[in-house]
Amino acid sequence: MKSINLKVAMLLLSAFLWSSSHSQTVADTSTKGILTVNDFEKKSKESNIQIIDVRTSEEFKSGYLKGAKNIDYYAKDFEKQIQTLPKSKTYLLYCLGGTRSGKAMEMMKQNGFQNVYSLKGGIMKWRIEDKPIIETVAIKTSKGMTPDEFNLRVKSDKMIVVEIYAPWCPPCKKMNLILDSVSNEMKDKIEILRLNFDNNKDLAKYLNVENFPTLYLYKDGQHLWHGDGVMEKERLLKLINRY
């Protein structure tokens, strides 16, 4: 009986180890070709490279990476345009946050492209890391608010809703409308503090901003909550009322 139990235990252990190994392989495969900002920048300096910006033309006009070719992922003929590219080159893809470029990378691989990579975090992460951007419109920058000034600013008996945004970030425009609506409904209880990332890069690093828009809740100088991405109005109201 002990011998049988031992055999069963060994079989279960083997199955568990195989499952763990298989899961790890799947996880590794799913992230293959996704490059960090530094690795993406390093690879962009190699020979026979083509950088492709898969955002819309309007997004592209807001600023792009040097040497980038714009092919809109949402265009009806996107796949057709991709198929005209020479397969001998290495392609570096990016979008706003990494989702579209990741899907485009998989599409290109399915169409026979061997060397295709996607930028993790997209151009938002690239900007946060203060990497070079070709600006089509001059951006006025300033030293912005220092961490000490910020900490003094959020010392209020009112709740301060801080938004770190970027004028070139489409989701930020949607979030701004939501914040305007919330502000109108709760103007006696809260105050909105909007900070342009381009003018407050040092402060953004101090606050560990990694995405746009990023929201923070403060009261009496105490950090209550933070999160990133667009938040629906109802959820934001519930969050504010919770504190």
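Observations, loosely collected:
- In the stretch 61-88, the residues that are open to solvent by less than 60 Å² (accessible area, probe 1.4 Å) and part of a loop (DSSP other than H, G, I, E, B): Ser62, Gly63, Leu65, Gly67, Ile71, Asp72, Tyr73, Ala75, Leu85
- The stretch 89-130: number of residues that are without any contact (Cβ under 8 Å) to a residue 12 or more places away in the chain and part of a loop (DSSP other than H, G, I, E, B): 0
- Pairs, first outside any helix (DSSP H, G or I) in the stretch 190-207, second of a type in the set (Lys, Arg) and open to solvent by 10 Å² or more (accessible area, probe 1.4 Å), C-beta under 9 Å, six or more apart: Ile190/Lys158; Glu191/Lys158; Leu193/Arg153; Asn200/Lys143
- Qualifying positions in the stretch 93-124 - open to solvent by 50 Å² or more (accessible area, probe 1.4 Å) and of a type in the set (D, E, K, R): Lys103, Glu106, Lys109, Lys120
- Pairs linking a residue in the stretch 55-84 that is at positive phi to a residue that is surrounded by fewer than 18 Cβ atoms within 10 Å (Cβ to Cβ) and of a type in the set (Asp, Glu), with Cβ atoms under 7 Å and 6 or more positions apart or on different chains, are Gly63/Glu135.
- Checking each residue of the stretch 158-180 against the condition of being of a type outside the set (A, V, I, L, M, F, W, C) and in a strand (DSSP E or B) gives at least one match.
- If you filter the stretch 193-233 down to residues that are more than 23 Å from the chain's Cα centre (by Cα) and open to solvent by less than 50 Å² (accessible area, probe 1.4 Å), you find that the one that is farthest from Arg153 (Cα to Cα) is Tyr218.
- Of all the residues in the stretch 49-60, those that are in a loop (DSSP other than H, G, I, E, B) and surrounded by fewer than 20 Cβ atoms within 10 Å (Cβ to Cβ) number 1.
- Filter pass, Met159 being under 25 Å from Gln222 (Cβ atoms) and aliphatic (A, V, I, L, M): yes
- In the condition set (1) exposed (fewer than 15 other Cβ atoms within 10 Å of the Cβ); (2) more than 26 Å from Tyr64 (Cα to Cα), Lys143 is compliant with all but (2).
- Given (1) within 16 Å of Ile34 (Cβ to Cβ); (2) open to solvent by 50 Å² or more (accessible area, probe 1.4 Å), number of the condition Glu46 does not satisfy: (1)
- Test result for Lys187, over 25 Å from the mean Cα position of the chain (by Cα) and free of Cβ contacts under 8 Å to residues at least 60 places away in the same chain: yes
- Pair list, Cβ under 7 Å, 6 or more apart: the stretch 154-167 residue among the polar types (S, T, N, Q), other residue in a strand (DSSP E or B) and open to solvent by 10 Å² or more (accessible area, probe 1.4 Å): Ser156/Glu191
- There is no residue in the stretch 131-140 that is modelled with pLDDT of 95 or more, in a loop (DSSP other than H, G, I, E, B), over 19 Å from the mean Cα position of the chain (by Cα) and surrounded by fewer than 14 Cβ atoms within 10 Å (Cβ to Cβ).
The values are calculated or read from the model by the stated rules, or taken from the named source; none is laboratory data. Bear in mind the structure is a predicted one, so any value in this text is a computation, not a measurement. Cβ: placed from backbone, ideal geometry, glycine included. Neighbour counts: every protein chain shown. The accessibility values were calculated without ligands, DNA or RNA, using every heavy atom of the protein model including side chains. Shrake-Rupley method; radii C 1.70, N 1.55, O 1.52, S 1.80 Å.
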